[in-house]
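Trainee: Quick one: the structure is below, and I'll ask about it shortly.
The values are calculated or read from the model by the stated rules, or taken from the named source; none is laboratory data. Computed from a predicted structure; not experimentally measured. Cβ atoms come from the backbone with ideal geometry, glycine included; neighbour counts cover every protein chain shown. For the accessible areas, the whole protein counts, side chains as well, though only heavy atoms, and no ligand, DNA or RNA atoms are used. Shrake-Rupley method; radii C 1.70, N 1.55, O 1.52, S 1.80 Å.
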Amino acid sequence: MASIGFNELYFLLQGLKWTVALTIIGFIGGGIFGLLVALARTAESKALQRVTTGYIAIFQGTPLLMQLFVVYYGVALVGLNVDAWIAVAIAFTLHASAYLGEIWRGGIQAVPKGQTEAAKALGLHYTSRIKDVILPQALKISLPATIGFLVQLIKGTSLAAIVGFVELSRAGQIVSNQTFRPLTVFAIVGVMYFLICWPLSLWGARAERRLQTAAR
Amino acid sequence: MPQTNASQTPLIAMEGVGKWYGAYHALKNVNIQVAKGEKIVLCGPSGSGKSTLIRCINHLEEIQEGKITVEGTVLTDSTGAVDAVRREVGMVFQSFNLFPHMTILENCTLAPMRVKKVSKAEAEATARKYLERVRIVDQADKYPAQLSGGQQQRAAIARALCMEPKAMLFDEPTSALDPEMVKEVLDTMIGLARDGMTMICVTHEMGFARQVADRVVFMAAGEIIEEAPPEEFFSNPKHQRTRAFLGEILAHH
Ligand SMILES: Nc1ncnc2c1ncn2[C@@H]1O[C@H](COP(=O)(O)OP(=O)(O)O)[C@@H](O)[C@H]1O
Ligand SMILES: [Mg+2]
C-alpha cells in the first residue's frame, strides 16, 4: 500500500478546483438563463408560459446523469468537436437554469399582486417593475431554496466523472486506485465536500429563519 | 378660481363602459364625467364594482365596451395611451402597497427617476416636499414596516403625489386602518381636496363625503344607480337601493 502524500493531496485539490469551477459555471450560467426562464414562466404571454413549463418539466423529470449524456453525445452528433469541459458546462447550465427558473418563478409569484399594481399605477414599465420592485423581493423569498439547490449542484458535479471529467470524486477514485487506501481517500474527499456544503447549508437555514421572522 | 363649467372638457370621462371578468358582467354601461378639480365619492355595497371602475381608469383592468378618456387621451391598450394616462393619474390602495424593501424616501423617488427621468437630487427634493405635506418627512429614511398603518398610507399618498398627477384615485384608503388612524389619513385627503386636486374616492366615510365631495355616486351590481351632491344624496336619496345602503352604513356608524 502506498501512502497518501503531498502529490496525492495535490491531485485531490486539483479535482476540488474543477468541482468548484464547474459549480460556479453551472450556477452563473444557470442563474442567467434561469432568470430568463423564471421571467418567461411568469410572463403574460401564454405561449412563453407553455414553452418554459415544458422546459422545466423535462429537466426536472429526467436524471442529471442522462442530461449529461445527452448533451455530451448530442454536441458530438451535431458535429461539434468540443471538450468534455464545455459539454459538461453546457449540461450543468441547462440543468441549473431549469431548477433555478422554477425556484425563482415561485419567488416572483409569492410577491403580492399589489406590488405590481402599485408599480403600474406609478407608470413604471416592465423592466423597472421587475428589476426595482419584484426581483429584490422575489430573490429574498427564494434565497433558502436557491442555496439548497446550490448545495445539490455541488454534489451533482460528481456525475461529470461519467464522461471522463476529473473533478473531486473522480480524483478520489484515481488516488484510491493508486494507493489502495479507499477509506482514507474518500474520508478526505468527504471532508472536502462537507467543508464547502456545510457553511452553505447553515447560511440557507439562517436565511430561512430570517424570512420566517419577517413574515410574523 | 373658475368653477366647473359645462363647456370645459372633463378631465376623466367614461362613456358606456362595460367590463366582464370572464362571463361575469362587472360594469354595466357606466357613464361618468369628472371635471378638473372635482371631488367624487363613490360608494355602494361590497362587490358592486367600485374598485373595478376606478381600476379601469388607469388600466389596471381592461374594458371590453365603451370609452375612457383622461385629459384628452383615449385609453386604448397601446403602451403610449396607457403611459400617458398613468402619468396624469395617481392611485392609493386599501393595502398601501408600499415597496417593503425600500425606504419611504426611495418609495417616493423611484417612479420620478425611472419614468420622468429626473435626477436623484431633484426627486428627493420633490419627495421631501410631499412627505412634509403629509407630515411624515421625519420618517423618510425608515422602511414601511417600521411605520404605523396611518403613516404608511400617508407615505403612499406622498409617493403618488411625487409624480405630480392631475387626478388621484383612492380605493378605500382607510378600510385597512385601525380606527384611531383613520382621521390622520382623511385629514390628509381633505387637505389635498382643498388644494384643488381632482379626486375619485371609493370610501364609506360619509363624514368625508359630506365635507369634500362635489358629488356622491352610488353603485350597485355594476351599475351607477344614483348620483347627487352630498346634501341631496344623504337627505333625499331617490332609489330604494340607495336608501337601503345608507340605512346600513348609518346604522354602523
Ligand atoms: N380579478 C377578478 N376576477 C374575477 N372577478 C372579479 C375580479 N375582481 C373583481 N371581481 C368581481 O367583480 C365584482 C366587483 O368587484 P369589485 O370591483 O372589487 O367590487 P367593490 O370594490 O365594489 O367591492 C365582484 O363580484 C368581484 O367578485
Ligand atoms: Mg373594492
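Trainee: For the stretch B:12-23, give me each residue that is open to solvent by 60 Å² or more (accessible area, probe 1.4 Å) and either in contact with a Lys or Arg (Cβ under 8 Å, 6 or more places away or on another chain) or away from ligand 2 (no atom under 15 Å from the Cβ) (or both).
Mentor: Across the stretch B:12-23, the qualifying residues are B:Glu15, B:Trp20, B:Gly22, B:Ala23.
One line per residue, one yes/no per condition, for (1) among the β-branched types (Val, Ile, Thr); (2) touching a His at 6+ places or on another chain (Cβ under 6 Å); (3) farther than 22 Å from A:Thr127 by Cα; (4) open to solvent by 50 Å² or more (accessible area, probe 1.4 Å):
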residue: A:Ser3; (1), (2), (3), (4): no, no, yes, yes
residue: A:Phe6; (1), (2), (3), (4): no, no, yes, yes
residue: A:Phe33; (1), (2), (3), (4): no, no, no, yes
residue: A:Glu44; (1), (2), (3), (4): no, no, no, yes
residue: A:Leu80; (1), (2), (3), (4): no, no, yes, yes
residue: A:Ile90; (1), (2), (3), (4): yes, no, yes, yes
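Trainee: Sort out which residues of the stretch B:172-188 are within 22 Å of B:Ile12 (Cα to Cα) and surrounded by fewer than 24 Cβ atoms within 10 Å (Cβ to Cβ), and write them in order of number.
Mentor: Correct list: B:Glu172 only.
Trainee: Does the stretch B:232-251 include one or more residues that are in a helix (DSSP H, G or I) and within 16 Å of ligand 2 (Cβ to nearest atom)?
Mentor: Looking for residues that are in a helix (DSSP H, G or I) and within 16 Å of ligand 2 (Cβ to nearest atom), one finds at least one in the stretch B:232-251, hence yes.
Trainee: Which number in (1) assigned to a loop (DSSP other than H, G, I, E, B); (2) open to solvent by 60 Å² or more (accessible area, probe 1.4 Å); (3) more than 16 Å from ligand 2 (Cβ to nearest atom); (4) within 12 Å of chain A (Cβ to nearest Cβ) marks the one condition that B:Arg87 misses?
Mentor: All conditions pass for B:Arg87, except number (1).
Trainee: Looking at the stretch A:65-77, can you tell me whether even one residue there is small (Gly, Ala, Ser), in a helix (DSSP H, G or I) and farther than 18 Å from A:Ile108 by Cβ?
Mentor: The first filter runs over the stretch A:65-77 and keeps only residues small (Gly, Ala, Ser), leaving A:74, A:76.
In the following step, the residues that additionally are in a helix (DSSP H, G or I) were identified as A:74, A:76.
Filter once more, keeping what is farther than 18 Å from A:Ile108 by Cβ: A:74, A:76.
Scanning the stretch A:65-77, I find at least one residue that is small (Gly, Ala, Ser), in a helix (DSSP H, G or I) and farther than 18 Å from A:Ile108 by Cβ, so the answer is yes.
Trainee: Right, another one. Checking the condition open to solvent by less than 20 Å² (accessible area, probe 1.4 Å) and charged (D, E, K, R), which residue from A:Glu117, A:Glu208, A:Glu167 passes?
Mentor: A:Glu167
Trainee: Take the conditions within 30 Å of B:Phe99 (Cα to Cα) and open to solvent by 10 Å² or more (accessible area, probe 1.4 Å) and apply them to A:Arg129. Does it pass? Explain how you work it out, then say what you get.
Mentor: Working: within 30 Å of B:Phe99 (Cα to Cα): yes; open to solvent by 10 Å² or more (accessible area, probe 1.4 Å): yes.
Judged against the criteria, A:Arg129 is a match.
Trainee: Considering only residues of the stretch A:109-126 that are among the aliphatic types (A, V, I, L, M) and in a loop (DSSP other than H, G, I, E, B), which is nearest to the other protein chains (Cβ to nearest Cβ)?
Mentor: Going through the qualifying residues, I end up with A:Leu122.
Trainee: Just the residues that are open to solvent by 60 Å² or more (accessible area, probe 1.4 Å) and at the interface with chain A (Cβ under 9 Å from one of its Cβ atoms), please, taken from the stretch B:107-120.
Mentor: Across the stretch B:107-120, the qualifying residues are B:Arg114, B:Lys116.
Trainee: Yes or no: the stretch A:100-108 includes at least one residue that is away from chain B (no Cβ under 14 Å), over 28 Å from A:Ala145 (Cβ atoms) and not β-branched (Val, Ile, Thr).
Mentor: Within the stretch A:100-108, none of the residues are away from chain B (no Cβ under 14 Å), over 28 Å from A:Ala145 (Cβ atoms) and not β-branched (Val, Ile, Thr).
Trainee: Okay, moving on. Hey, does the stretch A:142-162 have a residue that's in contact (Cβ under 8 Å) with a residue 60 or more places away in the chain, open to solvent by 70 Å² or more (accessible area, probe 1.4 Å) and either farther than 30 Å from A:Glu8 by Cβ or not β-branched (Val, Ile, Thr) (or both)?
Mentor: Checked the stretch A:142-162: no residue is in contact (Cβ under 8 Å) with a residue 60 or more places away in the chain, open to solvent by 70 Å² or more (accessible area, probe 1.4 Å) and either farther than 30 Å from A:Glu8 by Cβ or not β-branched (Val, Ile, Thr) (or both).
Trainee: Name the single residue that is nearest to B:Val17 (Cα to Cα) among those in the stretch B:55-100 being out of contact with any strand residue (DSSP E or B) (no Cβ under 8 Å at 6 or more places or on another chain) and aromatic (Phe, Trp, Tyr).
Mentor: Looking at residues that are out of contact with any strand residue (DSSP E or B) (no Cβ under 8 Å at 6 or more places or on another chain) and aromatic (Phe, Trp, Tyr), I get B:Phe96.
Trainee: So, in the stretch B:30-53, of the ones that are assigned to a strand (DSSP E or B) and open to solvent by 20 Å² or more (accessible area, probe 1.4 Å), which residue ends up nearest to ligand 1 (Cβ to nearest atom)? Steps first, answer last, please.
Mentor: Here is the first cut: in the stretch B:30-53, the residues assigned to a strand (DSSP E or B) are B:30-34, B:39-43.
Filter again for open to solvent by 20 Å² or more (accessible area, probe 1.4 Å), leaving B:31, B:33, B:39.
Details: B:Asn31: 17, B:Gln33: 20, B:Lys39: 19 Å.
Here the answer is B:Asn31.
Trainee: Which of the residues spanning the stretch B:54-84 are within 16 Å of ligand 2 (Cβ to nearest atom) and open to solvent by less than 10 Å² (accessible area, probe 1.4 Å)?
Mentor: B:Ile54, B:Cys56, B:Ile57, B:Asn58
Trainee: For the stretch B:185-211, give me each residue that is closer than 15 Å to B:Ala35 by Cα and in a helix (DSSP H, G or I).
Mentor: B:Ala193
Trainee: Test B:Thr203 against the criterion of being more than 12 Å from chain A (Cβ to nearest Cβ) and in contact (Cβ under 8 Å) with a residue 60 or more places away in the chain, and give yes or no.
Mentor: yes
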